[in-house]
1. Considering 232, 237, which residue is over 16 Å from residue 332 (Cβ atoms) and free of Cβ contacts under 8 Å to residues at least 12 places away in the same chain?
2. Does any residue in the range 358-372 that is among the β-branched types (Val, Ile, Thr) come within less than 9 Å, Cβ to Cβ, of a residue that is modelled with pLDDT under 80 six or more places away or on a different chain, and which pairs are these?
3. Inside the range 278-307, can you point out the residues that are outside any helix (DSSP H, G or I) and either surrounded by 20 or more Cβ atoms within 10 Å (Cβ to Cβ) or outside the structural domain of residue 320 (by TED's automatic domain parsing) (or both)?
4. Name the single residue that is modelled with the lowest pLDDT among those in the range 45-85 being over 12 Å from residue 26 (Cβ atoms) and among the hydroxyl-bearing types (Ser, Thr, Tyr).
5. Here is a list of conditions, (1) modelled with pLDDT under 95; (2) more than 15 Å from the chain's Cα centre (by Cα); (3) buried (at least 20 other Cβ atoms within 10 Å of the Cβ), and residue 37 meets all of them except one; can you say which number that is?
6. Could you grab me the full set of residues in the range 316-355 that are acidic (Asp, Glu) and either at pLDDT 95 or above or surrounded by 17 or more Cβ atoms within 10 Å (Cβ to Cβ) (or both)?
7. Looking at 239, 228, can you tell me which residue is modelled with pLDDT of 95 or more, out of contact with any Phe, Trp or Tyr (no Cβ under 6 Å at 6 or more places or on another chain) and over 21 Å from residue 336 (Cα atoms)?
8. Does residue 282 meet the test of being of a type in the set (Phe, Trp, Tyr) and touching a Leu at 6+ places or on another chain (Cβ under 9 Å)?
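The values are calculated or read from the model by the stated rules, or taken from the named source; none is laboratory data. Just so it is clear, the model here is predicted, and its values are computed rather than measured. In this analysis, Cβ positions are derived from the backbone assuming ideal geometry, glycine residues included, and neighbour counts consider all displayed protein chains.
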Amino acid sequence: MLKKENVLNNDWRLMKFEDCILQLNTGLNPRSNFSLGKGNLKYITAKNLTKYGTVDFSKSDSIDEDAKRTINKRSDIQVGDILFSSRAPIGHCHLIREEPNYYDIGESIFSIRVDKKVVIPEYLCLYLTSNFFVKLASKHTTGSIIQEIRIGDLMGTKVVVPPLKIQKDIADSLYKIDRKIALNDMLNDNLQQQLCLMYEHMMCQSQKGTLSGEIVVTSELTDVITGKEDANFSTPNGKYKFFTCSNDTFQCDSFAFNSSSILIAGNGDFNVKHYSGKFNAYQRTYVLTPNKDYYGLLYLASLYQIKAFKSASTGSIVKFITKGDIENIPVFIPNDNKYLLRFNQLLAMKEQNALENEELTKLRDWLLPMLMNGQAIIED
């Protein structure tokens with residue numbers, strides 16, 4: 001029987017997380033259990049779960065069938081389970097809607113199977129991604145460098161549980177937003193592939209001698225500077241983008257740049273990003289702001305040169321990229337400017353989709369708590 005203090009208005013209940021689920025498992029880390037880099041299946045960790053409820057398989061390791069069988073004895077992932085990131089970024093979720101035959105999970109992901117008599121998986125997945133739940137759960141995080149939530153603390157966290165019909169109404173309404181966000185993500189993946197294929201075609205034509213042009217270096221197109229802020233400059237709900245050496249982009253309260261720029265991580269995995277608008281940058285992040293005609297071209301030249309740099313340094317310890325390394329990136333400028341125009345068009349489309357996703361996410365984050373605490377009602 002529910003205690004009186006756990007019954008909210010109109011049959012809404014406040015329940016412990018553990019009372020909403022049937023089981024919670026984790027994946028398995030390699031150690032002596034299996035090896036990464038073998039086979040055609042995917043091995044995902046917390047970093048592969050996106051804030052949009054999708055899985056980014058492009059950055060995942062590979063495993064073989066034997067490794068998947070070993071992991072699945074522990075993870076037991078199935079259709080209808082929720083994947084939840086237990087390490088930073090905490091609170092990213094993915095609802096498994098198709099048979100997970102081609103991937104399995106690491107220990108940084110919880111696999112959650114709900115009690116459908118109490119809560120539907122679509123609703124609980126939304127609830128787990130809500131800002132107020134993440135803040136509540138994060139109070140129990142451990143670790144000064146790698147933030148992590150323990151199973152026991154998650155089990156005791158409170159969940160607002162409306163009647164099943166209202167759960168479905170909430171999930172159906174917000175699923176439309178999530179699907180649009182996921183569609184924009186897929187469009188951007190396709191646009192990135194188009195950019196890379198077109199750049200490779202251009203460089204192939206250049207090497208064959210069928211496309212004329214000139215080779216310059218980055219320093220001839222733009223100054224190479226870095227941001228001035230340290231890693232603690234970010235704020236959770238800041239108005240502007242804050243680029244660090246992480247793959248993730250953060251927020252901050254003030255901007256130092258207002259431009260279309262290429263951002264290159266000076267350490268870490270040396271990732272390359274692009275952004276148009278007001279932003280700020282970490283002191284080890286290089287900021288390149290060329291003439292707008294060369295924006296897309298310089299982004300792609302940087303992307304491919306950094307990729308080559310990483311491949312050449314495999315097996316050795318490279319802690320950072322120097323300013324000189326960036327300044328001397330070779331850039332082929334074709335005489336036929338159709339390539340430059342198309343690169344810029346495709347980048348603009350990517351950035352527009354990303355901007356739309358930001359607005360949709362804000363709408364979702366505004367609606368979600370209102371729906372879940374009964375402040376907003378979905379009418380038939």
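1. Details: 237 fails: free of Cβ contacts under 8 Å to residues at least 12 places away in the same chain.
The match here is 232.
2. Final answer for the pair search is 361/51; 361/52.
3. 279, 280, 281, 282, 285, 286, 287, 288, 290
4. By that ranking, first place goes to 52.
5. (3)
6. Restricting attention to the range 316-355, the residues satisfying the condition of being acidic (Asp, Glu) are 325, 327, 336, 351.
Once the filter is applied, which keeps residues that are acidic (Asp, Glu) and either at pLDDT 95 or above or surrounded by 17 or more Cβ atoms within 10 Å (Cβ to Cβ) (or both), the range 316-355 yields 325, 327, 351.
7. Working: 239 fails: modelled with pLDDT of 95 or more.
Step by step, each of 239, 228 is checked, and only 228 is modelled with pLDDT of 95 or more, out of contact with any Phe, Trp or Tyr (no Cβ under 6 Å at 6 or more places or on another chain) and over 21 Å from residue 336 (Cα atoms).
8. Working: of a type in the set (Phe, Trp, Tyr): yes; touching a Leu at 6+ places or on another chain (Cβ under 9 Å): no.
Answer is no for this residue.
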